[in-house]
Amino acid sequence: MNGILCRIFSPEAACEVIEAERHSHVFYEAEPDIWMVMVVEKSKASETMWRIDALRKVLHEVHSLFIMFHGSIRAMLEKEPSGGLTRSHLYPFIMDYLSDFLLGNKLQLPSFRDCLMERRTVQMLTVGREAAIEVQSLVGMLESCAGTTSCYSMIMFQDLLVSTTLSPDDTINIFTYAVLRLTPRALSTGVSSWSYLLKGNGASNVSATSILSHTISASAQFYLSHDTSSSRENGSHVKRPLQHDGWFKGKDGFLLTDIWGAERGSMIFLTPTICLQQTEETMYLCAYQYKNLTSILLVPVSSILNGEQGVSQVKKQVVENASLKMLKVEEKLSKGWGGENAYHVSGYRYLLVDDDRNVSRASPPVKVTTLTKESLHAMSKLREEVDLEKNRAKWNGEEQEKDLEICIRAKNNAWLIARTTRGKELYMVLEKANETLLYASDAVEKFSDR
């Protein structure tokens with residue numbers, strides 16, 4: 001990532017990528033007239049083949065997380081036009097974010113191997129009627145623990161969403177952060193489960209700053225050091241919410257962190273705060289964990305008059321009134337959970353995306369890794385074609401995307417299928433399939449019926 005640019009001209013259609021001989025420059029307009037640019041070095045190695053839209057979603061994701069914790073870049077620049085405040089917060093945040101893409105000492109950005117996953121979506125747990133009733137009861141209990149204050153909640157089982165009362169955008173942001181740093185898997189291994197390449201790999205625990213230092217020019221390092229020291233002199237604490245090993249589980253079941261500092265003269269850690277995108281409210285983030293169940297309660301800072309003491313009272317209410325219900329819900333969800341391969345469909349390798357709800361479901365990573373490199377390469381190229389068609393419709397001002405269905409026979413005889421209709425997208429790879437197009441079409445229909 002190569003920092004932020006301010007746009008000096010306004011083209012009819014915003015630039016998304018500029019290709020040079022040795023680099024690709026990927027653009028994302030994070031805020032009006034503020035651009036983020038990712039400069040990716042080209043290589044002859046096939047492993048570095050990427051899809052532009054996937055890289056732009058990386059920029060989208062890191063910016064969304066940044067404003068959730070620090071506020072908008074525009075507001076920072078207005079507060080200090082020199083940019084020192086912005087740099088002192090942005091550089092460490094991006095470096096901590098990039099640490100999740102480390103494999104050994106190499107940075108592994110989304111490549112063709114990740115073509116059957118979709119960033120900026122949530123993955124949901126399918127629950128039965130009885131479990132759904134228990135979950136709804138738990139939601140009511142959680143939100144009543146803050147008294148008459150209007151608050152929000154999110155419930156997750158492992159890395160899957162069970163329930164949320166947040167807006168879609170806020171749901172994605174908090175779900176993403178939870179998968180990165182809060183879920184049992186994130187706490188135990190120190191890495192997220194976003195990438196097939198990174199799953200279960202402990203290499204990301206290595207300091208991101210030490211390994212990624214070569215990606216920052218000498219001048220950038222100088223300014224970063226200067227900006228950080230300036231912020232310390234001004235008494236401002238630079239929070240690094242994406243640091244690894246920053247969270248741990250307390251004796252009462254709540255997750256604790258020292259990232260926000262501690263109360264003066266005490267060892268009481270300050271409760272994390274975030275800013276909701278929809279309402280722009282500042283909220284206390286309280287996360288309670290029992291085995292595979294993570295319950296997140298968001299309480300408005302403005303409603304807690306006595307700070308940490310008031311937050312402690314809310315947490316006490318959760319433990320007293322909702323902990324037994326969480327135990328019951330976790331047991332019920334665990335009994336109905338089919339394991340890592342719960343959403344595997346025999347014979348299919350697929351990705352299903354619901355753009356209207358920002359939800360996706362895909363073949364388990366372990367199943368996707370059985371596909372050949374040729375199949376993954378071809379699917380990545382097919383998705384690029386669909387991306388181009390979607391962008392073309394967007395810039396032409398079409399209110400509704402056209403239905404689209406593409407079936408391609410790859411060089412290794414695998415069928416590659418893409419279907420978009422009414423805000424839903426289906427991508428499928430069929431290896432060891434029959435020779436005919438009719439077979440591939442029937443396979444899609446059978447899958448859709450499920």
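Every number here is computed from the coordinates shown, using simple stated rules; none is lab data. Every value quoted in this text rests on a predicted model; they were computed, and no experiment measured them. Here the Cβ is made from the backbone with ideal geometry for all residues, glycine too, and neighbour counts use every protein chain on show.
Equivalent ellipsoid semi-axes for region 334-399, as square roots of 5 times the alpha carbon gyration tensor eigenvalues: give them largest first, rounded to whole Å.
On the way: eigenvalues 166, 70, 8 Å².
After diagonalising the Cα gyration tensor, the semi-axes are 29, 19, 6 Å.
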Taking a crude spin-label model, label points 7 Å out from Cα along the C-beta direction, the Trp260 to Glu374 distance in nm is 5.4
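How large is the Kirkwood hydrodynamic radius of region 296-361, in angstrom, based on all distinct alpha carbon pairs? Show your work: numbers first, answer last.
Values: mean 1/r = 0.0623 Å⁻¹.
Result for region 296-361, one decimal place: 16.1 Å.
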Can you run phi through the Karplus equation (6.51, -1.76, 1.60; θ = phi - 60°) for region 146-157 and list ³J(HN,Hα) in whole Hz, with x for Gly and Pro?
8, x, 8, 5, 7, 9, 10, 9, 9, 10, 10, 10
Here the tail fraction of P(r) beyond 13 Å, over all Cα-Cα pairs of region 98-139, rounds in percent to 72
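From the Cα trace of region 239-364, what convex hull volume per residue do you get, rounded to a whole Å³?
Numbers: hull volume 20.6 nm³, N = 126.
Spread over its residues, the Cα hull of region 239-364 gives 163 Å³ apiece.
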Could you tell me what fraction of 2.2 N^0.38 Å the Cα radius of gyration of region 349-449 comes to, as a two-decimal ratio?
1.09
With label points set 7 Å from each Cα along the Cα-to-Cβ direction at Asp355 and Lys251, the distance between them in nm comes to 5.3
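Over the Cα atoms of region 19-94, compute the convex hull volume and normalise it per residue, giving Å³. Mind showing how you got there, number by number?
Numbers: hull volume 8.4 nm³, N = 76.
It comes to 110 Å³ per residue, whole-number rounded.
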Can you find, among Tyr427, Leu404, Ala393, the residue sitting farthest towards the positive end of the charge dipole of region 386-450, where Lys and Arg contribute +1 and Asp and Glu -1 at Cβ?
Tyr427
Nearest-0.05 FRET efficiency for Asn412 and Asn434, computed from C-beta distance (R0 22 Å)
0.90
Per-residue ³J(HN,Hα) for region 251-261, Karplus 6.51 cos²θ - 1.76 cosθ + 1.60, θ = phi - 60°, Hz, x for Gly and Pro
5, 8, x, 7, 7, 10, 8, 9, 4, 8, x
Mean projected area (nm²) from the convex hull of Cα positions in region 39-197 is 12.5
Pull up the cross-link candidates among the lysines for Lys249, meaning alpha carbon to alpha carbon under 18 Å and not fewer than 8 places away within one chain.
Lys291, Lys315, Lys316
Average projected area of the Cα convex hull of region 90-183, in nm²?
8.6
